[in-house]
Each structure stands twice: as structure tokens, then as C-alpha cells.
Amino acid sequence: MQTRAMGPGAGWSWLKQAINLGRNNPRALFGAAALLMLVAIIPSLVQVVAQFAFHDANAMLWIVGLTALAMLVVYPLLIGGFFRVIDATERNQPTHATALFDTFRPGEQRGRLIGFGLSLALVYVLVLVAIIAAFGSDVPGWYLQVMQASQNATTGAPPELPAIPPGLGKVFGLGMLVMMFLGGVYSIGFGQVALAGRSVGGALADGVTGTLKNLLPLLVLTVIALLGMIGLAIVLALSLGLLVGLGSLVHPALGVALAIPAYLAFLVAMYVVMFGVMYFMWRDVVGVDPATATPVSGFEA
């Protein structure tokens, strides 16, 4: 399938369009984002509970691994479902928040979505292992020591962390570049599977070629997003601190009760923007304008 090369300003355009997303059907879009967020935080909740239940780093690694494997199967289906909710709202077609789970049904390309997600996860792991082997062989051992130190830390005292190993900066920097590139492949490929009916191999090929053609706008988007996140983090911290402070004038619990909904609303908005950027990148690189396109339906499993 033919992929298009966009100009540097496309990265800013994808972000602007994503920020404006939801004007047609905000209930469906933000409702689906809230459901997606709830499912996504389940592994973190499981790990927090396990951290108090188990005081063994090896047991924690098993729990982290098992929850990650479960999400490798579930999350691609949710991404495909959310792409379709976004697409329906952009086409002014009727949809609803629970349409997020339509990809779990038979005949909705479950295998292709899961296969694409697993394929990209495998590629990322292999590349990350190669980077660690080449530039930071001590990083895995250091990470295990950090986990053990956090497990053994006493309440109210900071954990005694091991010295930072050589090569950690290179591993982190190269890992960020790999994540940026695979983010483009992820966006284009998931759009192709969920919205264009492409096979796993075809979606991977489209994702790689489309990303290679659009490295410059992707880099612009990454820089803008990082700077924006720093600014948003400062604003969020100040806003939550203000809510907690005002509520605590009455009772500390009220401060927390005011801050939690605001924080969750922020996360939902971030989900909409993040997946909106992915959708608009797909649409510009390999998709079609919703004003002239017909809906995609009837995919075989």
C-alpha cells in the first residue's frame, strides 16, 4: 500500500487535531477513553497490592511479567477498538463508549490485532536486549537491586539505592529513539489493521515504510510533546496542590477527594490526545479523509 511523506509541520498538525478531537461525540470518545484507562491501570493496581503482599523481588518480577503478558493480549484489542471509536466520531457516524470492546467479538480481527501487538512488542524487546548487551550489560542487575532496595526500605526512610551503572545514559537515549520510531510504526500499523483490514505483515510493512518517510515530523512531534508534557506536569502539580490545600482547610480527606477526580480527568484527556495523534498520523500517511471515505466494516477474523 502506498504511504505518503508529510512535511515537518505535520507533527504539530497531528497534535492540534488530537487536542480538538471529540467535538462531534464527546460522550462516546471520552467515555471510551475512561474505560480504556480503567483497564490499563489494572496491572498497576495488581502490582501495588502484590508489593504489600510479597516481600520478594523475584515474586514481584513474576507478577510484573504475568500482568504484562496479559496486557499484551488485551491492550491491542482495546487500541483497535478505540481507533474505531475515534474514526466513527470523525465520520459523524453513531458510536458509543462500549464500542471500545467490539474488537473482542468473533469476526472482528482479534487475531490480527493481537498478532500485530505481539509482533511489535517482540521487536522492541529484541532491540532493547541488543542495546543493553552492547552498551549497558550491568543495567538489568542494577534494576533488580533497585527493586530489592525499594522492597527492603523502612517506612519513612529513603531506600539505599545502588550506584548508577555505566552505560545507563546510552541505553536510555537509544531506548527513547527506538520508542519514537516504533511509536510511528505502532500508530500506522494499528490503524491499518483496525481500520483498513490489513494483515499483520502488511500493517508492519506499511508502518515501517510510513515511519521512515516521516521521521522529521515524528521528531518534531516528539520534541513538542516532551516540552508540552513538562509544562502540563507543572500546571497539574500546581492545580492538584491547590485543590488539596483548599480541601484540607476543611478536612485532609476532602483535599484528596477533590484532587483524585481532577487527576483522573487529566489522564482521560491525555488518552484522547495520545490516541488522537496516532489516528491522525495514520490518516495522513496511509488513510483517507473521512469526508470522502466510506466506513470500513465486515473484516474477516
Problem set entry | Extreme residue, positive dipole direction of the chain, given options 2, 126, 221 (C-beta unit charges) | 2
Exercise. For the chain, what is the charge dipole size about the Cα centre, in debye to the nearest 20, if Lys and Arg each add +1 at the Cβ and Asp and Glu each add -1 at the Cβ?
Worked result: 540 debye
Exercise. Between rounded, prolate and oblate, where does segment 128-266 land on the alpha carbon gyration tensor, with a ≥ b ≥ c its root eigenvalues, rounded for a/c under 1.5, else prolate if a/b exceeds b/c?
Worked result: oblate
For this session: Describe numerically, in nm with one decimal, the distance between label points set 7 Å from Cα along Cα→Cβ at residue 38 and at residue 267.
Result: 1.2 nm
Problem set entry | Inter-label distance, nm, simple model (7 Å from Cα along the C-beta direction), residue 16/residue 133 | 4.5 nm
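Taken together, the values in this text are just the output of simple stated rules run on the coordinates, not laboratory data. Fair warning: this is a prediction, and the values are worked out from it, not measured in the lab. Cβ: placed from backbone, ideal geometry, glycine included. Neighbour counts: every protein chain shown.
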